[in-house]
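Take this structure first; my questions come after.
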Amino acid sequence: MDLDVVFLGTSGSAPTARRSPSALLVRRGGERLLFDCGEGTQRQLLQSSVGLVDLHEVFLTHFHADHFLGLPGMLKTFALRGRDVPLTIFGPPGLRELFAELRRIVGKLTYSVELAEVRAGDALERVGYKLLVFPVTHGAAAVGYALVEEPRPGRFDVDAADALGVPPGRERGALQRGESITLADGRTLTPDAVLGPARSGRTIVYPGDTTPSEVVRALAEGADLLVHEATFGADESERAAETMHSTATQAAEVARDSGVRMLALTHVSPRYFGPELAREARETFANTVVPRDFDVIEVPFRERGVPELLSLKEFKERAAPDAVTPAA
């Protein structure tokens, strides 16, 4: 199953000419999960490889304006299109109070909006994965989210199945799903007879805004992708501490200590362009990237490769190679 992250907004606090405020879309198979919804997110979706899809779930990390100002416009656009599919918005305590105010701006909608307040320690169960809600250090009402896939069955050993006399078809499928079977001769076989060791699922950790946190270090242990804010460079470490943000070096230290596969820096202050933060972080953690708006990070299963950063152009070319005109 495909898993990737589309960076819709990578700026911190305010938009720049090249970066919009915080918004991150995780695509897993046919699911689309939006984390934070900064100003202009619906336009970012339209300009990206995604389009303005009828999202089913939106997850807010906290209620600073650069993380939710895009919601009123997007909700209204959904209604103007005649949407009737319900939408659930998740966020820390205070979400209902926020929407009591936003209702006056949004007005009447053609669909229902369910508000789900979450707290650190919650686990939102999904088919094949769960979303863990964890505390971050950015004020009282702020949380992060970790998408953690369930382990997958080990590889199916065809030779072992042949030797044991397991017929092709239903019985082999049951063993692959982790079920025991009984053969025609009365023998009972358990999955471990034909399956190798269980294979790990994938993990993406998104703390939102935070100072360096031991909780994030622990949750990101061995993660495939850590998307960590780097609002400031090391020269502004005092400012970072005052505002409860992180520097690029601090984010890299979290990634190094957690043993993640890739670190993506986001929430970049308008005073930086990005490459200087990447250089700073790579002194501590080599596999660091600073995505631009519309970049995509593909997260494959471990046996299929490593996470890879693609520009919007590269992603489109990979998705539809036949549509790309060869160079003369």
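What percentages make up the Cα-Cα pair-distance distribution of the stretch 15-56 when the bins are 5 Å wide from 0?
Spelled out per bin, shortest first, that is 6, 21, 36, 23, 8, 4, 1.
What percent do you get for the relative contact order of the chain when only Cα pairs under 8 Å and 6+ apart count?
On the way: 723 pairs, mean separation 51.5, N = 328.
The value is 16 percent.
What relative contact order, as a whole-number percentage, does the stretch 186-229 give when Cα pairs under 8 Å and 6 or more residues apart are counted?
Relative contact order for the stretch 186-229 comes out at 44 percent.
Enumerate the lysines that Lys130 could reach by cross-link, defined here as Cα to Cα under 25 Å, with residues fewer than 8 away along the same chain left out.
The reachable lysines, counting only those whose Cα sits under 25 Å from Lys130, number zero.
With the cut-off at 1.5 for a/c, could you classify the stretch 197-328 from its C-alpha gyration tensor as rounded, prolate or oblate?
Oblate is the answer for the stretch 197-328, as a/c is 1.5 or above yet b/c matches or exceeds a/b.
Next question. Using a Cα-Cα cut-off of under 12 Å, which aspartates and glutamates could be cross-linked to Lys316, ignoring same-chain neighbours fewer than 8 residues away?
Qualifying aspartates and glutamates at Cα under 12 Å: Asp295.
Continuing with the same structure: Using alpha carbon centroids, what distance separates the stretch 56-93 and the stretch 112-139, in Å?
Using only Cα atoms to place each centre, the spacing works out to 15 Å.
Any idea what the relative contact order of the stretch 236-305 is, in percent, if you count C-alpha pairs under 8 Å spaced at least 6 apart?
Values: 55 pairs, mean separation 21.8, N = 70.
It comes to 31 percent, rounded to a whole number.
Let me ask you something else. As a test of the formula, what do you get for the chain when each DSSP H run with n ≥ 4 contributes -39,500 (n - 2.57) and the sum is divided by the residue count, at 222 nm and rounded to the nearest 500 deg cm²/dmol?
Numbers: 10 runs with 82 residues, N = 328.
Theoretical 222 nm ellipticity from helices: -7000 deg cm²/dmol.
With a ≥ b ≥ c taken as the square roots of the eigenvalues of the C-alpha gyration tensor of the stretch 22-89, please select rounded if a/c is under 1.5 and otherwise prolate if a/b is larger than b/c or oblate if it is not?
On the way: a/c = 1.34, a/b = 1.14, b/c = 1.17.
Rounded is the answer for the stretch 22-89, as its axis ratio a/c remains below 1.5.
Hey, how many Å between the Cα centroid of the stretch 165-208 and the Cα centroid of the stretch 258-312?
35
Which order do the peptides 285-297, 189-201 come out in when sorted by mean C-beta neighbours inside 10 angstrom, highest first?
For the peptides 285-297, 189-201, the packing ranking is 285-297, 189-201.
Let me ask you something else. Report, in order of residue number, the helices in the chain meeting two criteria: a C-alpha extent of 27 Å or more along the helix axis, and a mean Kyte-Doolittle hydropathy of at least 0.5; treat each whole DSSP H run as one helix. Mind dumping the intermediate values first?
Working: long enough: none.
Qualifying helices: none.
Where a number appears in this text, it was derived from the coordinates with a stated rule and is not lab data. Not measured: the values here are computed from a predicted model. Note: ideal-geometry Cβ built from the backbone for every residue, glycine included; neighbour counts use all protein chains shown.
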